[in-house]
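The values are calculated or read from the model by the stated rules, or taken from the named source; none is laboratory data. Please read all numbers here as calculations on a predicted model, not as lab measurements. All Cβ positions, glycine included, derive from the backbone under ideal geometry; neighbour counts span all protein chains shown. Areas reflect the complete protein model, heavy atoms only, side chains present, ligands, DNA and RNA absent. Shrake-Rupley method; radii C 1.70, N 1.55, O 1.52, S 1.80 Å.
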Amino acid sequence: MPGTFPPRVVNQLGPEVRAALDGFGSRLRIVDASRESDAPWDYAAAGFDRADILLTGPSAGWKRAPAEPPAGWAADAPGAPRWVQIVSAGVDGFPPWLLRDRIVTCGRGDSAVPIAEYVLAALLLRTKRLDALRPGSPDAWRRDAAIITGAAPLGSLDGQVLGLAGFGAIGQAVAARAHGFGLRVLAWRRGKWPAGGHGPVEPVDSLAELARRSDHLVLALPLTEETAGCVNADVLLHARPGLHLVNVARGGLVDHAALLAALDRGQVGFATLDVTSPEPLPAGHPFYSHPAVRLTPHLSWSGPVVRENSARRIAENIERFFAGQPLRDVVDAARGY
């Protein structure tokens, strides 16, 4: 991987990553910058006339990036970064030119555990109805107790069917925890199954089949041209009645109008949406007030060690960079993940 020595690194990922970079001492030249700037691709503004490595993540600036590569980013530009490390697993928020003519690596799996825990929390809240049972008086306490001990007992995840759309790091982390609750786990993925097979997870042939057979359908797919809008009216029309849809991936996977119609007719019983398109939804959007929607502000990834995981991954990849070894979690630009 050609470039200057010591390599010039533009760090847009904050102090945790900077602390990991400082451990390399004089082997790196580092400048701190912000991915929240109007032009996060402008490494010259950070003080370098060239950059060998750019460490960045999703931001509003990247979403506004020009359609064509700006000065310094063309394939033959001598100062263009040779390697871009993106802190997120998804790369859909970046311009296509960023992914071309260089190595791009991502944060695949860094937040898989907190996302999996979010999913299980969503399933338990839906099944146990704990957030709906908040008596504010003795009479309300007696009323709720009578309902639960009478005609409407609390549900159980044991024996229910969980469908995973996507079986990468997040899907695998969800499956590992779901089995502990007695859930039967089905999965659909567009690519090959990982080495070693699929274990106790049952593969299915299509997203439509997954929706038809699942009590809970979790979306853990990358957003690409092939997956955009894949949860559409046809898939939802054939979903198991009362389906609980959980989206922790990207809002663009779901046709929002089709989901709203499916919720209104009861085909989909409930939707837990951590992601939407756009983010945030405009004021007055039905999802803000719909009784069968739980909307959270894209926080399922958050956990106490996510940033530590990212810093550790970046440090390991820099060691690999120096050793001439293949980097971890390289993005396939043609596939978009």
- [ ] Obtain the nm distance between the two label points defined at A261 and V31 by a simple spin-label model: each point lies 7 Å from its Cα along the Cα-to-C-beta direction.
- [x] 5.3 nm
Task: Protein-only accessible surface order, largest first, of L55, L237 at 1.4 Å - done: L237, L55
- [ ] Grab every C-alpha pair in the range 1-143, bin the distances at 5 angstrom width from 0 up to the longest one, and report whole percents.
- [x] 2, 9, 15, 18, 15, 9, 6, 5, 5, 5, 4, 3, 2, 2, 1
TODO: Starting from the Cα coordinates of the chain, work out the convex hull volume and express it per residue in Å³.
DONE: 160 Å³
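Tell me the carbon and sulfur percent of the accessible area for the chain, rounded to whole percent, probe radius 1.4 Å. Working shown, then result.
Values: 8670 of 15790 Å².
Summing carbon and sulfur atoms, their accessible area is 55 percent of the total for the chain.
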- [ ] Would you kindly state how much longer the chain becomes between R134 and W193 on full extension, computed as 0.36 nm times their sequence separation minus their alpha carbon distance, in nm to one decimal?
- [x] 16.9 nm
Open item on the list: Just want to confirm a number: the relative contact order over the range 58-195, from Cα pairs under 8 angstrom separated by 6+ residues, in percent.
Closed with: 20 percent
- [ ] Rank these residues by their accessible area, most exposed first, probe 1.4 Å: W188, W73.
- [x] W188, W73
TODO: Determine the relative contact order of the chain: mean sequence separation of Cα pairs under 8 Å and six or more apart, normalised by residue count, in whole percent.
DONE: 15 percent
- [ ] Using label points projected 7 Å from each Cα along Cα→Cβ, tell me how many nm separate A71 and A151, to one decimal.
- [x] 7.4 nm
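With Rg and the Kirkwood Rh both taken from Cα atoms, where does Rg over Rh land for the range 97-163?
Working: Rg = 20.9 Å, Rh = 15.8 Å.
With Rg and the Kirkwood Rh in hand, the quotient comes to 1.33.
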Task: Per-residue SASA entry for R307, accessible area with 1.4 Å probe, Å² rounded to 10 - done: 130 Å²
Open item on the list: Output needed for the range 1-64: three equivalent-ellipsoid semi-axes, defined as square roots of 5 times the C-alpha gyration tensor eigenvalues, in descending order, whole Å.
Closed with: 20, 14, 9
- [ ] Take peptides 14-27, 246-259 and line them up by average Cβ neighbours within 10 Å, highest first, as a rough protection proxy.
- [x] 246-259, 14-27
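Working with all protein chains in place, sort F287, F5 by solvent-accessible area computed with a 1.4 Å probe, largest first. Walk me through the numbers before you get to the answer.
On the way: F287 0, F5 160 Å².
If we order F287, F5 from most to least accessible, we get F5, F287.
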- [ ] Treating the angle as unsigned and between 0 and 90°, give the value, to the nearest 10°, between the Cα long axis of helix 169-178 and the longest Cα principal axis of the chain.
- [x] 30 degrees
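Need the full-extension length gain, R50 to A19, defined as separation in residues times 0.36 nm minus the C-alpha distance. One decimal, nm. Before the final figure, lay out the partial values.
Values: separation 31, 0.36 × 31 = 11.16 nm, distance 2.23 nm.
Gain on extension, R50 to A19, equals 8.9 nm.
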Task: With DNA, RNA and ligands ignored, accessible area of L124 (1.4 Å probe; Å², nearest 10) - done: 60 Å²
Task: Contour minus Cα-Cα distance for S206 and A176 (0.36 nm per residue) - done: 8.6 nm
TODO: Would you please give the residues with an amide H less than 5 Å from that of T296, counting only those at least 5 places away or on a separate chain, with H modeled from the backbone geometry?
DONE: L273, D274
Task: Y288 accessible area, assembled protein chains, probe 1.4 Å, Å² - done: 120 Å²
TODO: Would you mind working out the accessible area per residue for the range 1-118, using a 1.4 Å probe, and quoting it in Å²?
DONE: 43 Å²
Task: Rel. contact order, % - alpha carbon contacts under 8 angstrom, at least six apart, the range 193-293 - done: 25 percent
